[in-house]
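First the structure, in the form of structure tokens, and then the observations on it.
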Amino acid sequence: MFKEEYPNELPMESLAKPAMGSLATSPVAMAPAGESPLAIRQRDRWFARARAAMPWGVSSNFRYWGDDETMIIARGKGAYIWDVDGKRYLDYRLGFGPVILGHAYEAVNQAVREALDDGNTFAFTNVYEIRAAERIRRLTGVDKVRFTNSGSESTMHALRIARAYTNRERFIKFEGAYHGSHDHVMWSTSDSPVETLGSRRSPIPVAATSGIPADLRKLVITLPFNDFDMLARTVRDRGHEIAAILVEPIMGNLGALMPAPGWLEFIRQLCDEHGIVMIMDEVKTGFRIAPGGAQQFFGVRADLVTYAKAIGNGFPVGAIAGKEEFMMTIEPGAVSHGGTYCGNVLAAVACDATLRVMEEEPVFETINARGTRLMAGIHQILDRYGVPHRLSGTPAMFGIFIGKKDSAAPLLDYRSASRYVDDALWAAIWQGLYARGILPDPDYEEPWFLCYALSEADVDQTLEAFEDAVKAAI
């Protein structure tokens with residue numbers, strides 16, 4: 001298992017007591033974060049245009065930080081991005097995880113440029129998607145692959161395959177998990193207030209947005225993550241209705257919360273015993289925490305696996321993969337999977353080129369080394385200043401939970417994590433990082449992501465800024 005190659009112990013938690021007390025089309029010359037070379041920010045002008053053309057000035061709600069703060073980016077290179085005012089940021093959001101090698105990674109960009117000279121979309125299988133599918137199989141050990149355009153598409157189609165395979169309709173998902181933006185899975189996500197979820201012994205599926213048909217609620221069963229007893233009871237009582245258990249092996253929208261020992265193995269066992277399809281959502285973990293993703297890292301094989309994000313270093317590509325028995329449920333005229341842009345040349349070449357770099361260069365070893373040092377440094381700083389905290393995840397993808405008080409209770413699920421976190425203190429620390437040119441996500445639930453281009457000097461800069469931000473916040 002790949003996880004055995006990681007250090008036996010990462011700095012996971014601390015029980016320390018709280019401390020007291022017509023516009024330019026390219027960026028201007030680089031300025032340090034927090035300092036603008038212009039009296040009127042280019043950002044404000046660009047955002048006015050964005051607000052006039054797009055709802056709230058963004059193409060995804062997650063990108064909206066308010067009318068005065070929503071960032072407008074001009075370019076990225078390596079581990080850095082620059083906004084339209086020339087401010088440089090060390091980027092730990094990395095597009096919410098896709099940029100595994102680094103922004104504008106030349107080997108990937110060059111492969112895409114060369115391939116596009118021969119066209120992009122043909123309504124036929126192309127040679128590039130064949131090569132990419134073969135490389136996915138080689139790295140992950142799956143039997144078959146079908147390409148999609150996003151993680152949302154991947155989970156949507158995976159659920160259809162599971163329902164067709166089992167002739168059942170319901171599925172289990174876990175509270176706080178995010179599996180994309182389609183109606184079937186937007187229930188009890190990390191946007192749902194804990195107090196709306198009901199008793200943990202009889203959870204209530206909560207729609208994450210208006211516009212979802214109420215009738216879909218009867219198809220989803222929401223349960224707390226890492227709750228062996230609740231999962232066993234539910235499957236025992238309702239297994240004959242359940243088509244799939246859809247699980248993020250690491251909670252990608254909950255600070256990279258880890259599975260309890262034996263959790264994934266338990267899901268695998270229940271699925272085998274009750275004829276349920278195990279769908280492992282590896283949109284965030286796939287090709288990030290190990291070459292073969294979470295299946296390799298934890299040593300558990302799912303029936304179906306969903307990929308996106310790091311599979312293409314930021315290009316729009318996703319995939320469904322898995323065991324032949326389940327993937328061959330897809331059948332022309334019987335069980336549908338398709339899409340005009342599925343397997344298009346741009347996506348397939350980006351996928352193939354990204355995975356080729358992973359095969360030929362020490363991508364995971366480098367990220368692991370940088371991330372281990374970064375996690376250890378953050379842990380030591382928070383300990384030194386008496387800030388209760390937990391770190392969770394792997395060096396390539398980890399979360400920081402800043403605590404309100406001492407607590408020995410484990411963080412096992414969305415409910416316990418939400419009650420532990422000191423949102424105000426994390427917000428103050430984040431503001432200090434942002435002002436110093438370090439850019440993790442402002443939401444603690446979104447992990448820190450690392451890329452291959454991140455250097456030792458970048459880690460040093462981050463730890464220095466982190467200590468200064470903590471000192472200022474407390």
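The values are calculated or read from the model by the stated rules, or taken from the named source; none is laboratory data. Source: prediction; values computed, not measured. Glycine also receives a Cβ, built like all others from the backbone with ideal geometry; neighbour counts cover every protein chain displayed.
Structure notes:
- Flag if ARG113 is farther than 16 Å from ALA396 by Cβ and surrounded by 14 or more Cβ atoms within 10 Å (Cβ to Cβ): no
- Inspection of segment 410-419 identifies at least one residue that is touching a Ser or Thr at 6+ places or on another chain (Cβ under 9 Å), in a loop (DSSP other than H, G, I, E, B) and assigned by TED's automatic domain parsing to the domain that holds THR462.
- Among the residues making up segment 91-136, a single one is over 24 Å from the mean Cα position of the chain (by Cα), under 27 Å from LEU450 (Cβ atoms) and among the small types (Gly, Ala, Ser): ALA111.
- Every test in (1) crowded, with 19+ Cβ neighbours inside 10 Å; (2) assigned by TED's automatic domain parsing to the domain that holds TRP46 is passed by GLY176 save one, and that test is (2).
- Qualifying positions in segment 369-390 - of a type in the set (Gly, Ala, Ser) and part of a helix (DSSP H, G or I): ALA369, GLY371, ALA376, GLY377
For every residue, the table says whether it meets (1) closer than 17 Å to ALA158 by Cα; (2) polar (S, T, N, Q); (3) surrounded by fewer than 18 Cβ atoms within 10 Å (Cβ to Cβ); (4) not assigned by TED's automatic domain parsing to the domain that holds ARG419.
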site: THR234; (1), (2), (3), (4): no, yes, no, yes
site: ILE242; (1), (2), (3), (4): yes, no, no, yes
site: GLY262; (1), (2), (3), (4): no, no, yes, yes
site: ASP272; (1), (2), (3), (4): no, no, yes, yes
site: GLY275; (1), (2), (3), (4): yes, no, yes, yes
site: GLY293; (1), (2), (3), (4): no, no, no, yes
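- GLY78 vs. criteria surrounded by 14 or more Cβ atoms within 10 Å (Cβ to Cβ) and either modelled with pLDDT under 95 or under 25 Å from LEU450 (Cα atoms) (or both): yes
Conditions (1) among the charged types (D, E, K, R); (2) under 30 Å from ILE402 (Cα atoms), marked per residue:
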{"position": "MET251", "(1), (2)": "no, yes"}
{"position": "ALA260", "(1), (2)": "no, yes"}
{"position": "VAL277", "(1), (2)": "no, no"}
{"position": "ARG288", "(1), (2)": "yes, yes"}
{"position": "VAL305", "(1), (2)": "no, no"}
{"position": "GLU331", "(1), (2)": "yes, no"}
